[in-house]
């Protein structure tokens, strides 16, 4: 068994399915004890928990889009694991609100919801995790961003803006926390194959989505997880502040 993270405590938000579950599984396979955060679907969270190798994992139910939920998620993870060495902000939501057709009430509501879930929530998790990590002398934080932060999201601009803000947050914290031995990264996936995207990929838009990448496919959740785990392993401390593209060359930025 790979023991890279043996004895370490890892919090993954939005860990009941998709990328979050794959990240939790990858850390557990390398010896970490994982706190799997979920908002409401306990059945999916328990299934994810049962899939983890090793022992000592815990479930943490909290809505991290709220200040109190973000605080509780971190505190309960620390209580359940005894320590927190890595925090992965994966929980996020989407919402379509094309400016030319949506009514203003829906527009304003989506902006509030998406910024709270995709930017403010991760910021609050970072705050509480960082305070604990400072007291312990170091740690890692990885924020799951998106290709949409760079290429734009015309039908869901609040989503793209929230992820762009998350990139900026990651880089700001990389500078602020480096003196404390805390390294901060972001990963920016393109389209990822998960249970939530399976229907779209199987439908009439699927071929066009896969054709966006010269690889002719979309990413797997385990590929995103592998990148998150690699950033948190030894030897990449000097990469702090990095935003790692994981989009199969479907969008190249200078």
Item to complete: Considering each of 148, 196, 139 in turn, give the residue that is surrounded by 21 or more Cβ atoms within 10 Å (Cβ to Cβ), farther than 22 Å from residue 74 by Cα and in contact with a helix residue (DSSP H, G or I) (Cβ under 7 Å, 6 or more places away or on another chain).
Response: 148
Response to the item:
The residue from 172, 213 that alone is surrounded by fewer than 19 Cβ atoms within 10 Å (Cβ to Cβ), under 30 Å from residue 101 (Cα atoms) and free of Cβ contacts under 8 Å to residues at least 60 places away in the same chain is 213
Discussion item. So the check is Cβ under 7 Å with 6+ separation or different chains; which pairs have a first residue in segment 34-55 that's at positive phi and a second one that's part of a helix (DSSP H, G or I) and buried (at least 22 other Cβ atoms within 10 Å of the Cβ)?
Written reply: 54/28
Worksheet, complete the sentence: Inside segment 88-106, the number of residues satisfying the requirement of being out of contact with any strand residue (DSSP E or B) (no Cβ under 6 Å at 6 or more places or on another chain) and closer than 30 Å to residue 11 by Cα is 6
Worksheet entry | Residues (in a helix (DSSP H, G or I), in contact with a helix residue (DSSP H, G or I) (Cβ under 7 Å, 6 or more places away or on another chain) and within 22 Å of residue 130 (Cα to Cα)) located in segment 19-57 | 23, 24, 27
Worksheet item: Inside segment 78-113, can you point out the residues that are in a helix (DSSP H, G or I) and under 25 Å from residue 222 (Cα atoms)?
Response: 81
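Pick out, from segment 196-237, the helices (runs of 4 or more DSSP H) lying fully within it that include 3 or more residues that are over 19 Å from the mean Cα position of the chain (by Cα).
198-202, 206-210
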Worksheet entry | Complete set of residues in segment 217-243 that are touching a helix residue (DSSP H, G or I) at 6+ places or on another chain (Cβ under 6 Å) and surrounded by fewer than 18 Cβ atoms within 10 Å (Cβ to Cβ) | 217, 222, 241
Fill in: Residue check for residue 16: part of a loop (DSSP other than H, G, I, E, B) and buried (at least 18 other Cβ atoms within 10 Å of the Cβ)
yes
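Each reported figure results from applying straightforward, stated rules to the coordinates on display, with no laboratory input. None of these values were measured; they are calculated from a predicted model. All Cβ positions, glycine included, derive from the backbone under ideal geometry; neighbour counts span all protein chains shown.
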